[in-house]
Amino acid sequence: MLYDEARMALTKERLEDLRKEKKLSFEQLSKQLAERGTIISHTNLKNYEINDPVHSLYGRTKSMSIEYLVAFANFYDVSVEYLLGLSNSRKREYHDISEQLGLCDGAIAELVQCKENSSSEEDLKMYALQDTTILNDFLTSMEFETVMEKIKQSLFAYYMYELHRDSVAEKIQAEYAEQLEEAQKVMNVCGYFPVKNDLISEVHMENVIGVLNAYLRKLPKRLYDEKILHKENR
């Protein structure tokens with residue numbers, strides 16, 4: 001995997017974003033890195049963030065030393081892969097999970113929290129206190145597939161709605177508003193009542209809510225019955 005122009009630009013963006021998150025000037029960053037044993041002038045720090053391809057110092061990031069790269073990773077507590085644009089996961093311990101599942105750090109952190117909130121006890125009564133029991137059940141259910149599909153349909157419908165609103169078609173509709181209104185009356189007489197995509201989006205989301213409601217109503221009894229059956233069969 002080559003460290004190409006796109007990844008170099010991403011490195012520059014991430015270095016800038018991380019520095020700004022800590023609200024550090026180049027001078028302040030240089031001082032704090034020096035306190036950790038890495039000397040990088042504030043001028044070089046600025047050069048590494050130059051993201052203008054026509055700038056004479058644009059390529060300085062590509063020639064950054066391994067020492068500096070590791071120093072940045074340690075200072076910002078992110079992975080080297082993240083700085084190089086090879087991963088979207090900041091945390092080193094999340095890198096493999098992110099690469100395999102495509103989850104962001106926030107999603108992975110929530111899953112880790114679910115595991116930490118779950119008791120390791122095998123007692124029948126303890127299953128109700130395990131976040132992972134609920135998560136595993138939902139992610140492997142048919143309802144989860146339906147919910148995901150309906151959400152995607154809703155997002156696509158709204159995307160088409162916004163795309164249409166932002167297009168030249170909206171201007172044309174404004175220019176020919178009267179003619180369109182007359183045409184609409186004719187279609188209404190014929191029993192045709194068009195629905196805008198934003199309304200279609202809302203309908204899909206209402207379906208999502210319905211599927212979730214049905215799933216959640218059945219969940220307590222079904223999980224209890226499954227755990228009882230599992231205990232009896234052991």
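The values are calculated or read from the model by the stated rules, or taken from the named source; none is laboratory data. As the structure is a prediction and not an experimental result, all values here were calculated from the model. All Cβ positions, even for glycine, are placed from backbone atoms using ideal geometry, and neighbour counts span all protein chains on display. Surface accessibility is based on the protein's heavy atoms, side chains included, excluding ligands, DNA and RNA. Shrake-Rupley method; radii C 1.70, N 1.55, O 1.52, S 1.80 Å.
Structure values in brief
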| read-out | value |
| --- | --- |
| Candidate set: region 16-33, residues that are open to solvent by 60 Å² or more (accessible area, probe 1.4 Å) and closer than 22 Å to TYR82 by Cα; chosen: the one nearest to the chain's Cα centre (by Cα) | ASP17 |
| MET64 being within 30 Å of LEU216 (Cα to Cα) and surrounded by 14 or more Cβ atoms within 10 Å (Cβ to Cβ) | no |
| Index of the failed condition, GLU181 passing every other in (1) modelled with pLDDT of 70 or more; (2) open to solvent by less than 60 Å² (accessible area, probe 1.4 Å); (3) more than 30 Å from GLU145 (Cβ to Cβ) | (2) |
| Residues satisfying the stated conditions in region 130-155, i.e. over 18 Å from LEU101 (Cβ atoms) and not in a helix (DSSP H, G or I) | GLN130, SER141 |
| Residue within region 131-138 that is of a type outside the set (Ser, Thr, Tyr), more than 23 Å from the chain's Cα centre (by Cα) and at pLDDT below 90 present | no |
| Filtered residue count, region 197-234, keeping only those that are open to solvent by 100 Å² or more (accessible area, probe 1.4 Å) and at pLDDT below 70 | 5 |
| Tabulated pairs, region 132-153, first free of Cβ contacts under 8 Å to residues at least 40 places away in the same chain, second open to solvent by 60 Å² or more (accessible area, probe 1.4 Å) and basic (Lys, Arg), C-beta under 7 angstrom, 6+ apart or interchain | THR132/LYS115 |
| Qualifying residue in region 34-45 (condition: modelled with pLDDT of 95 or more, assigned to a helix (DSSP H, G or I), open to solvent by less than 60 Å² (accessible area, probe 1.4 Å) and out of contact with any helix residue (DSSP H, G or I) (no Cβ under 7 Å at 6 or more places or on another chain)) | yes |
| Pairs with Cβ under 6 Å, 6+ apart, first in region 1-24 and assigned to a helix (DSSP H, G or I), second open to solvent by less than 70 Å² (accessible area, probe 1.4 Å) and among the hydroxyl-bearing types (Ser, Thr, Tyr) | MET8/THR61; THR11/THR61; LYS12/THR61; LEU15/TYR48; LEU18/TYR76 |
